[in-house]
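A.B. asks: One structure is given below, represented as structure tokens, and several questions about it will come after.
The values are calculated or read from the model by the stated rules, or taken from the named source; none is laboratory data. Worth saying up front: this structure is predicted, and the values here are computed from it rather than measured. So basically every Cβ, Gly included, is an ideal-geometry build from the backbone, and we count neighbours across all protein chains shown.
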Amino acid sequence: MMPHRTPSSSAGYLVPSVRLGVDLDGVVADFTSGWMRFYNRDFGTSLTNEDSKRWNDVVELTHFADIDEFWEWSADLDGRSVFWHLEPLPGAVDALVGLHRSGHDIVILTTKPTFAVEDTHEWIAKHGVPADEIHILEDKWLVDCDVYLDDGPHILPGLVANRPDSLVCRYIRPWNRPVPGAVDVRNFDEFREVVDRQAAQDADG
Ligand SMILES: [Mg+2]
């Protein structure tokens, strides 16, 4: 069920709706803590969030030979995939609810292995993510949005290159670097400022 929405009118006029393309893992869902919790349990390690500095740490920090071995293990953890078990990052869902209440469209853009598609839909529902649309795909730029938010070092350049009229935000993480043409945001407060600026600009025509 979608929360009730009222277009914001703090300045006495309606703020235009902005279409927000929002990534899940590393932005809304705590993928790093999630897989580490199960890996530590299953293999007796004591990995923590602070250990993860690279995009490929599911291989670099583990005994898995490649990503396929990681996916094979992560597909069935207590009967669900690792994605089903993830915790939301602090404040992320509340921030999306706030943006949604302000009248903006929340378009979830996430890349997932096929085995995790159903778990992803369940995850979005059980954590109350106010998703107007959910797209599970690799080429996120195929979905037209006004503003994108992503942490993927391989995703961001594609968004910048293929959506020159959109605003692309890099969610700063240890595993990504500045991307030419992308705006850096450190948290959802800064993302909110970017969205508000964009909406104000749209209002000015
Ligand atoms: Mg991500």
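A.B. asks: Mind counting the residues in region 139-150 that are over 19 Å from residue 99 (Cα atoms) and within 12 Å of the ligand (Cβ to nearest atom)?
C.D. replies: Total satisfying the criteria: 1.
A.B. asks: Looking at region 186-198, is at least one residue assigned to a loop (DSSP other than H, G, I, E, B) and closer than 17 Å to residue 110 by Cβ?
C.D. replies: Checked region 186-198: no residue is assigned to a loop (DSSP other than H, G, I, E, B) and closer than 17 Å to residue 110 by Cβ.
A.B. asks: I would also like to ask the following. Quick one: is residue 99 within 15 Å of the ligand (Cβ to nearest atom) and either in a loop (DSSP other than H, G, I, E, B) or under 15 Å from the mean Cα position of the chain (by Cα) (or both)?
C.D. replies: When the stated conditions are applied, residue 99 does not pass them.
A.B. asks: Go through region 161-201 and report how many residues are farther than 29 Å from residue 50 by Cβ and out of contact with any His (no Cβ under 7 Å at 6 or more places or on another chain).
C.D. replies: Going through region 161-201 one residue at a time, the tally reaches 14.
A.B. asks: Next question, about the same structure. Quick check on residue 131: is it part of a helix (DSSP H, G or I), more than 15 Å from the ligand (Cβ to nearest atom) and within 23 Å of residue 16 (Cα to Cα)? Explain how you work it out, then say what you get.
C.D. replies: On the way: part of a helix (DSSP H, G or I): no; more than 15 Å from the ligand (Cβ to nearest atom): yes; within 23 Å of residue 16 (Cα to Cα): yes.
Spelling it out, it is not the case that residue 131 is part of a helix (DSSP H, G or I), more than 15 Å from the ligand (Cβ to nearest atom) and within 23 Å of residue 16 (Cα to Cα).
A.B. asks: Need pairs with beta-carbon distance below 9 Å; first residue assigned to a strand (DSSP E or B) and within region 143-159, second of a type in the set (Phe, Trp, Tyr) and away from the ligand (no atom under 12 Å from the Cβ); sequence gap 6+ or separate chains.
C.D. replies: Correct list of pairs: 147/191; 148/141; 149/188; 149/191.
A.B. asks: While we're here: Can you tell which of 120, 111 is assigned by TED's automatic domain parsing to the domain that holds residue 197 and surrounded by 21 or more Cβ atoms within 10 Å (Cβ to Cβ)?
C.D. replies: 120
Per-residue answers, yes or no, for (1) surrounded by 13 or more Cβ atoms within 10 Å (Cβ to Cβ); (2) at pLDDT 95 or above; (3) outside the structural domain of residue 23 (by TED's automatic domain parsing); (4) not small (Gly, Ala, Ser):
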residue	(1), (2), (3), (4)
166	yes, yes, no, no
169	yes, yes, no, yes
179	yes, yes, no, yes
185	yes, yes, no, yes
188	yes, yes, no, yes
199	yes, no, no, no
